[in-house]
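> This structure is in structure tokens; I'll ask about it shortly.
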Amino acid sequence: MKEIVLYTQPDCPPCEITKMFLNENGYAYAIKDIKKDAAAHKELTKQFSSFSTPTVVIGDTVIRGFDLEKLRSALGME
């Protein structure tokens with residue numbers, strides 16, 4: 001399985017739903033809090049051209065914003 005990285009920030013309800021979805025389906029993932037980690041914020045904006053949370057990176061796939069259907073597809077759950 002490819003590494004899953006979740007870019008998140010405090011007080012982000014869609015981020016919490018994404019975490020619950022990954023947890024409930026047994027996926028391990030790394031969390032990068034863009035408010036606490038300046039390097040994570042820079043990665044999010046510069047490397048992944050994203051300005052929203054949650055952003056989920058699975059290998060070469062970047063899912064910007066809250067989209068459980070794209071997440072399911074990227075995880076091969078269809």
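The values are calculated or read from the model by the stated rules, or taken from the named source; none is laboratory data. No experiment lies behind these values; they were computed from the predicted model shown. Reconstructed Cβ throughout: ideal geometry from the backbone, glycine too, with neighbour counts over all protein chains shown. Remember, those area values only see protein heavy atoms, side chains included, never the ligands or the DNA or RNA. Shrake-Rupley method; radii C 1.70, N 1.55, O 1.52, S 1.80 Å.
> When only residues in the range 56-78 that are charged (D, E, K, R) and in a loop (DSSP other than H, G, I, E, B) count, which is least open to solvent (accessible area, probe 1.4 Å)? Can you show your working first?
So in the range 56-78, the residues charged (D, E, K, R) come out as 60, 64, 67, 69-70, 72, 78.
Restricting the remaining residues to those that are in a loop (DSSP other than H, G, I, E, B) gives 60, 67, 78.
Numbers: D60: 151, D67: 52, E78: 164 Å².
Result: D67.
> Consider only pairs whose beta carbons are under 9 Å apart and that are at least six residues apart or on different chains; among these, list those whose first residue lies in the range 51-67 and is at positive phi and aromatic (F, W, Y) and whose second residue is in a strand (DSSP E or B) and surrounded by fewer than 21 Cβ atoms within 10 Å (Cβ to Cβ).
Every condition considered, no pair remains.
> Further question: With surrounded by 13 or more Cβ atoms within 10 Å (Cβ to Cβ), β-branched (V, I, T) and in a loop (DSSP other than H, G, I, E, B) as the only criterion, which of T45, T53 stands out?
Details: T45 fails: in a loop (DSSP other than H, G, I, E, B).
When all the criteria are applied, what remains is T53.
> Let me ask something else. Within the range 34-45, is even one residue among the hydroxyl-bearing types (S, T, Y) and without any contact (Cβ under 8 Å) to a residue 40 or more places away in the chain? Explain how you work it out, then say what you get.
So the first thing to find is which residues in the range 34-45 are among the hydroxyl-bearing types (S, T, Y), and the list is 45.
With the extra rule that they be without any contact (Cβ under 8 Å) to a residue 40 or more places away in the chain, the set shrinks to 45.
The answer is yes; a qualifying residue exists.
> Checking Y7 against (1) touching a strand residue (DSSP E or B) at 6+ places or on another chain (Cβ under 9 Å); (2) open to solvent by 10 Å² or more (accessible area, probe 1.4 Å), which single condition isn't satisfied?
That leaves (2) as the condition not met.
> Can A28 be described as farther than 13 Å from I4 by Cβ, among the aliphatic types (A, V, I, L, M) and either over 11 Å from the mean Cα position of the chain (by Cα) or in a loop (DSSP other than H, G, I, E, B) (or both)?
The answer is no for A28.
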